[in-house]
Amino acid sequence: MTQSHNSVSAASNNRTTEQVVVFSIGEFTFAISAAAIQEIRNTDSLGGMVMELESVVVSKVRHIIERDSRSYFVVSGFDHFHLPSSRPTTLLILAKTPTAVLVDRIEEMAEMRTIVTLPRSFQGEERVWYRGLTILDGRVVPVVDPKGFLTANELHTLEQTATEHQEPVDSVHGGGELS
Amino acid sequence: MNEEPLERVPSFVVAQIGSRRIALQSSSIAELILSPLLHTFPHTTSLIVGVVVRRGRVLPVLDMGLGLLGVPSTSAKFYLVIERHIGNVADRYAIPVDGECELVSGIMFPPKDESEFAIGSLDLAGNVIDVIDFEKAIARSLAVKSENVETAEALQ
């Protein structure tokens, strides 16, 4: 007797509803739990809170942002998902991890009714990136795992490096611009 | 009489993938579906070009064009849903096909050509069609994809 796992059905998955923030990077749409986000900021409004990492040890992280005495490593969304470079205008500051994510724009807040596990045939980095898939307005949208933006090792390396080398972006470039 | 009982005559699904007509053993085919929408999102798994939704289920779409034709498949409205057994777990995949498929019964002959993935051939009114081993075709597609990536990297 065999068991079918891959063709993921809603029946085998969590049916409780969850508020999600729907955002886009390039041509792609993603969802992330609203509970995982502490703050959403326009990149133009960040000013002197942004510091540039002098030494880039994780290629997708080039900046750090200070908020309420806490530091957040700014992950480039298009670098993280290996997408062509885009023009991010929005920063998602995450709640339970010292990570902020640059995305192109927020599309909407939505209620996610179903999340299905990623089919087992997906065997790449997406298994770390996503909690699963959901269907919003007839579209299949990946639900991002907030812990997937930076691994524990990457965080450790960044934290070590950040304390040694950091400089306010304003003083270096006079702009505080994230990209 | 030397006829086999009807239930023992193997059946095959004949499908068109790009310019090539192929046959697959019908036991591995779950269904043929019409899906207008291929959903895509970033990932790094080779050969998967997106997913389709069928009766609330999310099915990965595997592009077999690289292995069978040497080039990626063009977009399709029809998908063959194929069941693969890996260990004791069955997985379902959709593969894009061009146009409708046929279900035929017949005797499988040895392959007409040496091929990495043909396990036999069917003679359909004079048209000889390769019967494809799906797993070998996937392996071939992965190899072609890998070669393409290496070539692209070498050119950079």
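Laboratory data are not the source of any read-out in this text; all were calculated from the coordinates shown. Owing to the predicted nature of the structure, the values given are computational and were not obtained by experimental measurement. In this analysis, Cβ positions are derived from the backbone assuming ideal geometry, glycine residues included, and neighbour counts consider all displayed protein chains.
Between A:Ala35 and A:Arg113, the contour length at 0.36 nm per residue exceeds the alpha carbon distance by 26.6 nm.
Take the Kirkwood radius over Cα pairs of the protein assembly as shown, plug it into Stokes-Einstein at 20 °C and 1.002 mPa s, and you get 95 µm²/s for translational diffusion. Computing FRET efficiency as 1/(1 + (r/R0)^6) for B:Ala139 and B:Gln16, where r is the C-beta to C-beta distance and R0 is 22 Å, gives about 0.50.
In straight-distance terms, cross-link reach from A:Lys147 covers every one of the aspartates and glutamates whose alpha-carbon lies under 15 Å from its own, apart from those fewer than eight places away in the same chain; here that gives A:Glu125, A:Glu126.
Normalised by the number of residues in segment A:18-173, the average gap of Cα pairs under 8 Å and 6 or more apart makes the relative contact order 29 percent.
Of all DSSP bridge pairs formed entirely within segment A:18-173, close to 90 percent run antiparallel. For B:Lys112, the lysines whose Cα falls under 28 Å of its own Cα, not counting residues fewer than eight places away in the same chain, are B:Lys136, B:Lys145.
Dipole magnitude for segment A:18-173: about 520 debye, using +1 per Lys or Arg Cβ and -1 per Asp or Glu Cβ, origin at the Cα centre. Mean partner shielding of peptide A:118-131, defined as the number of other chain Cβ atoms within 10 Å of each residue Cβ, is 5.
In chain B, helices alone account for a calculated mean residue ellipticity at 222 nm of -5500 deg cm²/dmol, with every DSSP H run of four or more residues adding -39,500 (n - 2.57). Label positions at A:Asn153 and A:Val57, each projected 7 Å from the Cα along the C-beta direction, are separated by 1.3 nm.
Between 0 and 90 degrees, the angle of helix B:134-155 with respect to the longest Cα principal axis of chain B falls at about 30 degrees. Annotation: segment B:8-155 has a Kirkwood hydrodynamic radius of 16.0 angstrom, from the mean reciprocal C-alpha pair distance.
Legend: calculated FRET efficiency, B:Glu153 to A:Arg67, from the Cβ-Cβ distance at R0 = 45 Å, rounded to 0.05, equals 0.65. FRET efficiency for the pair A:Ser24 and A:Asp44, taken as 1/(1 + (r/R0)^6) with r the Cβ-Cβ distance and R0 = 22 Å, rounds to 0.75. From the alpha carbon centroid of segment A:87-137 to that of segment B:90-155 is 35 Å.
What share of the DSSP beta bridges in the protein assembly as shown is antiparallel, in percent to the nearest 5? Of all bridge pairs located within the protein assembly as shown, approximately 90 percent are antiparallel. Within 10 Å of the Cβ of each residue in B:49-55, the mean number of Cβ atoms contributed by other protein chains is 3. The relative contact order of chain B comes to 26 percent, based on Cα pairs under 8 Å that sit 6 or more residues apart.
What is the percent of Cα-Cα separations in segment B:108-156 that go past 14 Å? Pairs farther apart than 14 Å: 60 percent. Annotation: extensible slack from B:Val104 through B:Ile86 equals 3.8 nm (criterion: 0.36 nm per residue apart, minus Cα-Cα distance). Ordering B:53-66, A:101-114, B:25-38, B:142-155 by mean Cβ neighbour count within 10 Å, with the highest value first, yields B:53-66, A:101-114, B:25-38, B:142-155. Tally Lys/Arg at +1 and Asp/Glu at -1 over every other residue whose Cβ is under 13 Å from the Cβ of A:Phe28; what's the total? Summing Lys/Arg as +1 and Asp/Glu as -1 gives -2.
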